[in-house]
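Before I ask anything, let me first share the structure, which is written out below as structure tokens.
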Amino acid sequence: MPYYVTTPIYYVNAQPHLGHAYTTIAADVLARHMRQRGEDVFFLTGTDEHGEPVALAAEAAGVTPRELADRNSARFEALMPQIESSNDYFIRTSDPRHVEAVQEIMQRVHDAGYIYKGSYEGLYCPSCADFKTGQEVGPGDTCPVHGIDLIHEKEENWFFKLSAFQEPLEKLFADNPDFVRPPERRNEALSFIRSGLRDISCSRAGLSWGVEVPWDPEQVFYVWFDALLNYVTALRFAREGEDLTDRYWPANVQLVGKDILKFHAVFWPAILMAAGLEVERSLVVHGYLLMDGEKMSKSLGNVLDPFEVIERFGADALRFYLLREVQFGADGSVGTAGFESRYNSELANDYGNLASRTIAMIGRWRDGTVAAVDHDPELVKDFEGIDVQVAELLDRVEPTQALEAIWVRVRRLNRFVEEQAPWQIAKEPERSAELDVVLASLAEGLRSVTVALHSFMPDSTTKVLAKLGTPDTDWQAAAYKPSGDGMQVTPIEPLFPKP
Ligand code: MSP
């Protein structure tokens, strides 16, 4: 089955920070997991390069917008392998093929009668690139997201008839209760729709860094139209000589932070309908990573540099920490102290030690060979359904719960070692068969949790599976097998050494 997952495309007027890494990592876990299940996966991420903030930042730096975009987009692209993102393509909206596709699609929207010339007067946040109305305006006409003063804008430009999609959008939400998740975000989007949709500006005059409006070259498209369309335009050119649109569109899961809910839950489906395209299947909205109680963001200057974290602890640890620490969907605080604590207690102790000692004991007492015996019935029971449970949680895009379901088994294995005390059994030669069962059950448990963890921590799990002599990561392999066929293990270095 095709499975298409996307992240927002990131603004190039900032350096990549942990917030950007977060969404990409979550999407990557889904993509890798679906590949384990044998699905035909396409995973897209990239950079959003047009618009006023980029043009202004370039001017301030004394370079052209394209130079700035090239430089900063490269930083985002370089982040991808470092966080072990397995994206199938990295789109840049300054790519002429994207530009051409936007023009073609918007021309279609225009020809279908959804675009007209008009004028608008209101409050605008340049950092959000958003016209704010009603509850979106903070105290003293400030932006509630960025805390900056909103600008009074008067515009003469092209408008998109968003109001024409009031009913279709209400119907879309009614027919697909899971279209936007979690439910609080769905309700937020729905109440925005029900409060009455006003037409929105879809172009801007006097700005050259953008996609030219084909029927009015004096104007460029408002950056959100250009940006949102990336999810469909990329499919046209991501593969040389092939158009992947029919294969992957509509996207299965589009991941976004809650800051851009309105654009993805309201504007985006309306634009798709206007262009005669299918609407995405689901939008999954996560919360903010907070530092000292505030959203981590470039404009607030409170960002944790993912490159530094990776250098100290490794990408697997970062991936694990972010999805484990912050309940996916809710806001959550992150920081160095919390990071070190989870690293030590859960990665180094719970999982890392489990792997080291399991393999070491099999080496010491069985020369590396796991006996082909029936496994401990109690343990078998506690592992029942691990594969089904984790797959269901990831289908619902609940990575934090999926990790907890796995960690319940990791802790169970550690308890099993303590209860069985194999070092005692090993002292009594007549209990040799018992030792075989304990070690084989442990090795199988370790193998099962490791396959289940593979999409979260691709690097360390690959190492463990190699040392267990069972490199298979296909999802069937996540199930715990009640009897063994004998594995051959080899010594392993500490997985999560103290930094
Ligand atoms: N360019 C637009 C999105 C266009 S999509 C068609 C944009 N870019 S952004 O660089 O500001 O990145 C926004 C996304 O980055 C958020 O939606 C979220 O996914 C992620 N995050 C940025 N800061 C974050 C946090 N502090 N916490 C969690 N996610 C954060 O908006």
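Tell me, which cysteines of the chain are without a disulfide-compatible partner by the Cβ under 4.7 Å rule?
Within the chain, the cysteines lacking a partner Cβ under 4.7 Å are Cys202.
Divide, for segment 335-478, the radius of gyration over alpha carbons by 2.2 N^0.38 Å, where N is the residue count.
1.06
Please arrange Arg409, Arg357, Arg312, Arg32 by accessible surface area, largest first, computed with a 1.4 Å probe and ligands excluded.
Reading off the accessible areas and sorting them downward yields Arg312, Arg357, Arg32, Arg409.
What whole-number distance in Å separates the alpha-carbon centres of segment 386-417 and segment 454-496?
Segment 386-417 and segment 454-496 have Cα centres spaced 16 Å from each other.
Hey, any idea what % of segment 335-478's accessible area is carbon plus sulfur with a 1.4 Å probe?
C and S atoms contribute 49 percent here.
Continuing with the same structure: How much accessible surface does Glu392 have with a 1.4 Å probe, in Å² rounded to 10?
For Glu392, the solvent-accessible surface is approximately 100 Å².
Given charges of +1 on the Cβ of Lys and Arg and -1 on the Cβ of Asp and Glu, with all other atoms neutral, how large is the dipole of segment 335-478 about its Cα centre, in debye to the nearest 20?
Dipole magnitude for segment 335-478 comes out near 480 debye.
Can you give the translational diffusion coefficient of the chain in µm²/s, computed by Stokes-Einstein from the Kirkwood radius over Cα pairs at 20 °C and 1.002 mPa s?
The estimated diffusion coefficient comes to 87 µm²/s.
While we're looking at this one, here's another question. Under a 1.4 angstrom probe, counting protein chains only, how are Ile148, Ile9 ranked by accessible area, largest first? Could you put the intermediate results ahead of the total?
Details: Ile148 60, Ile9 20 Å².
Result, largest first: Ile148, Ile9.
For segment 430-477, what are Rg and Dmax over the alpha carbons, in angstrom?
Expressed in Å, the Cα Rg and Dmax of segment 430-477 come to 12.4, 42.
Return the calculated 222 nm mean residue ellipticity for the chain, to the nearest 500 deg cm²/dmol, obtained by summing -39500 (n - 2.57) across DSSP H runs with n ≥ 4 and dividing by the residue count.
-13500 deg cm²/dmol
How far is helix 18-36 tilted off the main Cα axis of the chain, in degrees rounded to 10, range 0 to 90?
With rounding to tens, the tilt is 60 degrees.
For the chain, what does the relative contact order come out to in percent, with C-alpha contacts under 8 Å and a separation of six or more?
Contact order relative to length: 16 percent.
Distances over 16 Å make up what percent of all Cα-Cα pairs in segment 219-280?
48 percent
Could I ask something else about it? Tell me the per residue accessible area of segment 335-478 using a 1.4 Å probe; a whole number in Å² is fine.
That works out to 40 Å² for each residue.
Put Met1, Met487, Met273 in order of accessible area, largest first, 1.4 Å probe: what do you get?
Met1, Met273, Met487
Something else now. Below 8 Å between Cα atoms, with a sequence gap of 6+, how large is the relative contact order for segment 335-478 in percent?
Averaging sequence separation for qualifying contacts and normalising by length gives 27 percent for segment 335-478.
Provide the solvent-accessible area of Thr450, counting protein heavy atoms only and rolling a 1.4 Å probe, rounded to the nearest 10 Å².
0 Å²
The values are calculated or read from the model by the stated rules, or taken from the named source; none is laboratory data. Please read all numbers here as calculations on a predicted model, not as lab measurements. Using ideal geometry, Cβ is built from the backbone for each residue, glycine included, and neighbour counts are taken over all protein chains shown. To get the accessible areas, we keep the full protein, side chains included, count just its heavy atoms, and leave off ligands, DNA and RNA. Shrake-Rupley method; radii C 1.70, N 1.55, O 1.52, S 1.80 Å.
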